[in-house]
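Chemist: The structure's right below; bear with me while I get my questions together.
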Amino acid sequence: MKLDHIIEAYVADQEWCEVSVERNEAKETCEASLNLSVSNQSFRTFIEADEKREMFFLYMYAPFSVIEGKFVDACMLFNFLNDQYSYRGKLTVMDDGSIRYKECTDLDRLEPNMAMIDNMVSSGVGLFRDHCEAIAAVALTRKTYEAIREDYDKKSAAREALKQKNDTEESDSAGPEGND
């Protein structure tokens, strides 16, 4: 299998000494499993290569699950995050309440390399780093999707107002143009 060598090289490059790559020759897959620290929390992470289907997979699991009665709020928030933000994978809630980020990269007609894996890992880490507080709030507390969405909308409006203010100040400081 050639993909296992890329995963092994990536693991070595990251200096993850305690991580080994497990191979399943019958299924033509290999997988590295590890814990990644994001926002001072440990996320179970799996990097998998499927030689037969020519695909890389990344799975990252949050260290907490969605409590009973909060599945709809969690699904609504995850749909919002998946739709409104540019991450390469998607955030889902599993039937058992587990929170999972999943990304897959099709390698058909591509030369696989370590940068592909690094981009996948960076995307998952970025999603959890940027949104872990909201994800935890909707999964573990009484805070509703609507309340969290209101927070996002307020932050977005504040960023837009600041951008408009900066644009106005830039155009004012440039002075009149075209005067001879």
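Every read-out reported here was derived from the displayed coordinates using simple, explicitly stated rules and does not represent laboratory data. What you are looking at is a predicted structure, and each value in this text was computed from that prediction instead of being measured. A quick note on method: Cβ atoms are made from the backbone with ideal geometry, for glycine too, and the neighbour counts reach across all protein chains shown.
Chemist: Any idea how far the Cα center of the range 147-174 sits from the one of the range 1-58, in Å?
Modeler: 41 Å
Chemist: So which trypsin sites (Lys or Arg not before Pro) in the range 28-127 pass both tests, a DSSP loop state and at most 14 other Cβ atoms within 10 Å of the Cβ? Display every interim value, and only then the final one.
Modeler: On the way: sites: R44, K52, R53, K70, R88, K90, R100, K102, R109; in loops: K52, R53, K70, R88, R109.
Taking the range 28-127 and a limit of 14 other Cβ atoms within 10 Å, the loop trypsin sites (Lys or Arg not before Pro) found are K52, R53, R109.
Chemist: Ok, one more. Rank T141, I47, N166 by how far each Cα sits towards the positive end of the charge dipole of the chain (+1 on Lys, Arg Cβ; -1 on Asp, Glu Cβ) and give me just the farthest.
Modeler: About the Cα centre, the residue reaching furthest to the positive side is T141.
Chemist: Please give the contour-minus-distance gain from A12 to R159: 0.36 nm per residue of separation, less the Cα-Cα distance, rounded to one decimal in nm.
Modeler: Working: separation 147, 0.36 × 147 = 52.92 nm, distance 4.01 nm.
Fully extending the segment from A12 to R159 adds 48.9 nm.
Chemist: With θ set to phi - 60° and the Karplus curve 6.51 cos²θ - 1.76 cosθ + 1.60, what are the ³J(HN,Hα) couplings of the range 81-92 in order, to the nearest whole Hz, using x for Gly and Pro?
Modeler: Couplings: 4, 4, 7, 8, 10, 9, 10, 6, x, 9, 9, 9 Hz.
Chemist: I would also like to ask the following. When the dipole is taken about the Cα centre of the range 3-145, and only Lys, Arg (+1) and Asp, Glu (-1) are charged at their Cβ, what size is it in debye, to the nearest 20? Before the final figure, lay out the partial values.
Modeler: Values: 14 positive and 25 negative charges, 157 e Å.
So the dipole magnitude of the range 3-145 works out to roughly 760 debye.
Chemist: Another one. Can you list the GluC sites (Glu not before Pro) in the range 1-79 that are in a DSSP coil and have 14 or fewer other beta carbons within 10 angstrom? Don't skip to the answer; put the middle values down first.
Modeler: Working: sites: E8, E15, E18, E22, E25, E28, E31, E48, E51, E54, E68; in loops: E15, E18, E25, E28, E51, E54, E68.
Passing sites in the range 1-79 are E15, E18, E25, E68.
Chemist: Pairs of lysine in the chain with Cα under 30 Å and at least 8 positions apart or on different chains: total?
Modeler: Lysine pairs meeting both conditions in the chain amount to 29.
Chemist: Can you put C30, C75 in order, fewest other beta carbons within 10 Å first?
Modeler: Details: C30 22, C75 16.
Neighbour counts put them in this order, fewest first: C75, C30.
Chemist: Let me ask something additional. Mind pulling the angle between the C-alpha long axis of helix 145-174 and the longest principal axis of the chain? Nearest 10 degrees, somewhere in 0 to 90.
Modeler: 60 degrees
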